[in-house]
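The values are calculated or read from the model by the stated rules, or taken from the named source; none is laboratory data. Keep in mind it's a predicted model, so treat the numbers as computed, not measured. Every residue, glycine among them, receives a Cβ derived from its backbone with ideal geometry; neighbour counts consider all protein chains shown.
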Amino acid sequence: MIIGIDDTDSRKGLCTTYLCAVLVDELKKRGYGEVSTPRLVRLNPCIPFKTRGNGAVSFEIRIANGKEEKVKEVVKARVSELSELREEETNPGVVFIDDNALNAISGKEREEQSESMLKNFYENAVREVLKIENAYAIISELHFDYFGLKNKRGIIGALAAVSFLALQKNNPNYYDFTYELMAYRRKESWGKSRFIEEASVWESDEATYPLVWDTVDVANNNIVFAPHSPCPVLFGIRGDSIDAIYKAYELIHAEPVERKMLFVTNQGTDFHLISPYRACGVVGQSPTKFGDAKEKLQDYHSYVLDGVVCSNPRTIEGGHVLFSIALSRKPAEKSIECIAYEPTKGFRDIIRELRVGDEITVFGSLKKKTINLEKVEIRKLNNAVERNPKCDKCGRTMKSAGRLQGYRCKHCGTYRADKDVVIVDRGMEEGLYEVPPVARRHISKPVIRMRMEGTNKKIHPSR
Ligand code: ATP
């Protein structure tokens with residue numbers, strides 16, 4: 001049986017991954033069956049009613065005969081007990097794929113159809129805005145079982161999480177994935193400040209980066225792997241190698257933990273990005289069907305867009321940096337504004353260096369018709385700068401002779417019709433730049449992962 005769970009926590013406490021860890025440990029302890037490594041999927045990061053990182057969880061249990069109903073009872077009891085039900089925005093949902101339903105969807109004639117339903121649902125949950133009815137339609141069509149509390153909106157995330165696991169279980173490379181090892185605090189510490197020995201975290205990062213990433217932010221002198229909220233999470237170690245993650249864990253000195261759990265996750269994969277006009281999108285990502293290129297770009301969606309800088313960056317109140325690009329392939333919009341917010345810190349220094357004519361690719365979410373930048377690829381710097389011409393006789397800089405009237409040397413009287421075009425050294429390199437770990441979304445791919453995949457692009461990891 002595959003079980004998916006979502007929307008149990010609030011900003012005031014608890015955490016769906018913790019509930020998952022408690023359940024996995026309990027089901028194993030009670031001897032109900034062998035339990036798989038759980039999955040943690042990050043869904044559309046723009047969803048307004050998310051608590052934090054829009055995460056949902058799932059796991060598979062091979063149940064000893066006849067215990068299915070018992071397992072469901074335990075899951076329902078724990079979800080009811082470990083959910084922040086008093087919070088308006090907490091609406092738990094659970095989806096069960098029983099073995100019968102699982103066998104039916106892997107049966108020859110149904111396999112392709114069911115797989116494409118689950119695939120579409122999962123991918124749309126990461127990239128689009130869904131309605132709960134979309135989830136109910138699939139649950140009923142594929143004879144899944146479900147449970148929910150209050151308005152049950154968590155069913156959306158729960159179905160996305162079981163879909164991810166069902167697609168990935170027989171083919172682990174179906175989607176790009178990474179790992180996160182979560183350590184959970186003892187109950188008596190919840191809400192109190194966390195004890196984590198800082199020096200040990202830096203040492204652990206030094207010993208395991210880049211197989212482990214986003215533990216610290218070197219440029220901003222910050223430890224970023226521990227939340228500051230009252231939730232049960234002590235910290236989470238993210239990376240590409242299980243061995244390196246456990247090595248990092250062993251090197252960290254911190255308060256005693258209640259338990260820990262390793263998750264397979266879509267974090268750090270950029271799976272949320274839609275590449276509307278490319279045959280194939282981001283590295284490691286399958287092409288996305290986007291409909292026709294005349295369609296408008298929509299708020300609450302995340303894109304990869306090619307364009308040419310058409311307004312020089314300017315810093316606005318609050319320290320945010322704003323500029324526009326003319327889109328290379330035009331939908332309804334011809335140009336689009338892009339913003340690097342103040343929390344992206346040093347990333348703004350790169351953005352401020354952009355100039356009209358630079359060919360770039362922007363990566364980020366569209367909100368209020370503005371791309372909120374997560375990454376930028378500078379494909380071709382515009383090195384040609386127009387300047388008032390120099391006089392051939394005396395070498396002095398010529399002055400404008402009036403609007404559209406060319407240039408004249410005040411000293412020698414020499415005339416030139418056009419400006420000089422000079423090639424300058426822009427003092428920056430082309431390639432991929434990213435926001436620092438302090439500002440990184442869970443689902444955003446750190447560019448260092450692209451090096452490990454063997455990209456031939458020039459990358460500038462921020463850490
Ligand atoms: P945490 O990261 O702490 O677990 P969260 O950020 O995951 O919290 P949730 O409490 O799970 O936030 O709330 C997100 C809600 O949005 C859930 O009810 C989930 O079912 C729903 N949801 C997730 N993705 C989509 C989507 N693409 N369209 C519509 N609803 C979605």
So is ILE61 in contact (Cβ under 8 Å) with a residue 12 or more places away in the chain and either outside any loop (DSSP other than H, G, I, E, B) or surrounded by 19 or more Cβ atoms within 10 Å (Cβ to Cβ) (or both) or not? yes
Is it true that some residue in segment 83-101 is part of a helix (DSSP H, G or I), in contact with a strand residue (DSSP E or B) (Cβ under 6 Å, 6 or more places away or on another chain) and over 14 Å from VAL162 (Cβ atoms)? no
Could you check, for segment 54-67, whether at least one of its residues is of a type outside the set (Ser, Thr, Tyr) and closer than 21 Å to TRP190 by Cβ? yes
Limited to segment 102-124, what total is found for residues that are surrounded by fewer than 19 Cβ atoms within 10 Å (Cβ to Cβ) and either of a type in the set (Gly, Ala, Ser) or not in a helix (DSSP H, G or I) (or both)? 4
All but one of (1) over 29 Å from ALA248 (Cα atoms); (2) within 12 Å of the ligand (Cβ to nearest atom); (3) assigned to a helix (DSSP H, G or I) hold for ALA161; state the number of the condition that does not hold. (1)
Would segment 397-409 turn up any residue that is small (Gly, Ala, Ser) and within 16 Å of the ligand (Cβ to nearest atom)? no
Please state which of the following conditions TYR32 fails to meet, knowing it meets all the rest: (1) within 25 Å of ASN170 (Cβ to Cβ); (2) within 16 Å of the ligand (Cβ to nearest atom). (2)
Okay, strands (runs of 3 or more DSSP E) sitting entirely in segment 353-463 with 3 or more residues that are within 23 Å of ALA219 (Cβ to Cβ), I get 359-367, 370-380, 431-434
Against the conditions (1) closer than 30 Å to GLN298 by Cβ; (2) surrounded by fewer than 19 Cβ atoms within 10 Å (Cβ to Cβ), where does THR37 fall short? Just the number, please. (1)
Using the structure shown, decide if TYR184 is in contact with a Gly (Cβ under 9 Å, 6 or more places away or on another chain) and assigned to a strand (DSSP E or B). no
Do we have any residue at all in segment 268-285 that's modelled with pLDDT under 95 and charged (D, E, K, R)? yes
Tally, over segment 191-244, of residues that are surrounded by fewer than 22 Cβ atoms within 10 Å (Cβ to Cβ) and at positive phi: 2
Do we find a residue being of a type in the set (A, V, I, L, M, F, W, C), away from the ligand (no atom under 16 Å from the Cβ) and touching a helix residue (DSSP H, G or I) at 6+ places or on another chain (Cβ under 6 Å) anywhere in segment 120-129? no
Going through (1) more than 23 Å from LYS72 (Cα to Cα); (2) among the polar types (S, T, N, Q); (3) within 16 Å of the ligand (Cβ to nearest atom) one by one, GLN113 fails only at (3)
